[in-house]
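Worksheet: one structure, shown below.
Here, each number is a calculation from the coordinates, and none is a lab measurement. Note that the structure is predicted; figures quoted are calculated from it, not measured. A quick note on method: Cβ atoms are made from the backbone with ideal geometry, for glycine too, and the neighbour counts reach across all protein chains shown.
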Amino acid sequence: MTLPIINLDRTRSYPPRVSEFTHRFWSSLREGLFETTSCRDCARTTFPPKPFCPHCWSKNLTWIPLGGRGRLYSQTVIHAAPAVFRAETPYRVGIVDLDEGLRIATRIIADNAPDLDTPVEIVVLRYVDGPLFAARPLTA
Ligand SMILES: [Zn+2]
């Protein structure tokens, strides 16, 4: 499943460091694919993707696609931000429980505070220098 893509005409305020391992995640995200790693030995999935399994320490991992849907577990608005994000304040961040059972922290795109447990979708924020992801409430 391909995520909705929102094109933004500026650079990211704090670009992630891309390693040889995470390059796949970021290049897939740019194309609208939300992926992570799953362990072939214990079958557990983690996010963010990791080069080893944090549950059984196996390095026998595979990449799997995530559906990009979940529910809002928690959210807040940041008014006092680190210097690099100050120009973006106020902005909303939250914790999302993905349908796959993963709990992730992410930027939330919503003008008003969504109710907790609101269904959300992950979207790609495609900046001119690379992608980030965020969640927004699913509208029927
Ligand atoms: Zn494992």
Exactly one of (1) loosely packed, with under 11 Cβ neighbours inside 10 Å; (2) within 16 Å of the ligand (Cβ to nearest atom); (3) among the acidic types (Asp, Glu) is unmet by Asp9. Its number?
(2)
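Quick check: anything in the range 80-89 closer than 25 Å to Tyr14 by Cα, more than 16 Å from the ligand (Cβ to nearest atom) and touching a His at 6+ places or on another chain (Cβ under 7 Å)? Please lay out each step first, then the result.
Filtering the range 80-89 for residues closer than 25 Å to Tyr14 by Cα gives 80-89.
From what's left, more than 16 Å from the ligand (Cβ to nearest atom): 80-89.
Narrowing further to those that are touching a His at 6+ places or on another chain (Cβ under 7 Å): 89.
Within the range 80-89, one or more residues are closer than 25 Å to Tyr14 by Cα, more than 16 Å from the ligand (Cβ to nearest atom) and touching a His at 6+ places or on another chain (Cβ under 7 Å).
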Flagged in the range 59-104 as more than 17 Å from the chain's Cα centre (by Cα), not in a strand (DSSP E or B) and not aliphatic (A, V, I, L, M), in numbering order, are Lys59, Asn60, His79, Pro82, Phe85, Arg86, Glu88, Thr89, Pro90
I need the full set of residues from the range 24-48 which are more than 19 Å from Ile122 (Cα to Cα) and without any contact (Cβ under 8 Å) to a residue 12 or more places away in the chain, in order please.
Ala43
Residues being loosely packed, with under 14 Cβ neighbours inside 10 Å and among the basic types (Lys, Arg): count how many of those fall in the range 80-138.
2
